[in-house]
């Protein structure tokens with residue numbers, strides 16, 4: 001069974017064409033979010049990009065990916081920040097990812113990972129110095 005068929009099975013609609021359309025729109029939304037990780041989350045722009053209402057978009061995205069678009073966006077941003085912290089300071093990463101300030105970034109990073117980004121950054125510096 002392919003990944004698409006598995007995703008189609010989780011969509012609770014009777015018509016196959018409707019399921020495929022929902023999956024297509026959710027994939028479009030995901031691609032849009034992946035391409036905008038360096039900016040702020042904007043549900044209105046996302047909904048406009050995939051030609052759905054905000055509420056229908058959230059419902060469809062969650063049906064396919066089991067997570068809201070905003071939560072997906074935040075998680076992907078944090079994943080990206082982990083790799084950026086290998087070469088950049090916490091302040092630089094927060095700017096690159098479009099956070100309002102370093103405190104907003106640090107708070108969100110810690111909420112998702114359980115550790116502050118400064119701890120990860122410090123660990124990366126130690127690894128670089130000992131290498």
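Values in this text are rule-based calculations from the coordinates and carry no lab data. Keep in mind that this is a model prediction, so the values were computed, not measured. So basically every Cβ, Gly included, is an ideal-geometry build from the backbone, and we count neighbours across all protein chains shown.
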Segment residue 28-residue 89, extension gain: residue separation times 0.36 nm, minus the distance between their alpha carbons: 18.7 nm
Global form of segment 18-117, assessed from the alpha-carbon gyration tensor, a/c cut-off 1.5: prolate
Among 106-113, 90-97, the order from most to least packed when residues are scored by Cβ within 10 Å on average: 90-97, 106-113
Residue 113-residue 48 pseudo-label distance in nm [points 7 Å out on the Cα-to-Cβ vector]: 3.3 nm
By average C-beta atoms within 10 angstrom, highest first, the peptides 15-22, 58-65: 58-65, 15-22
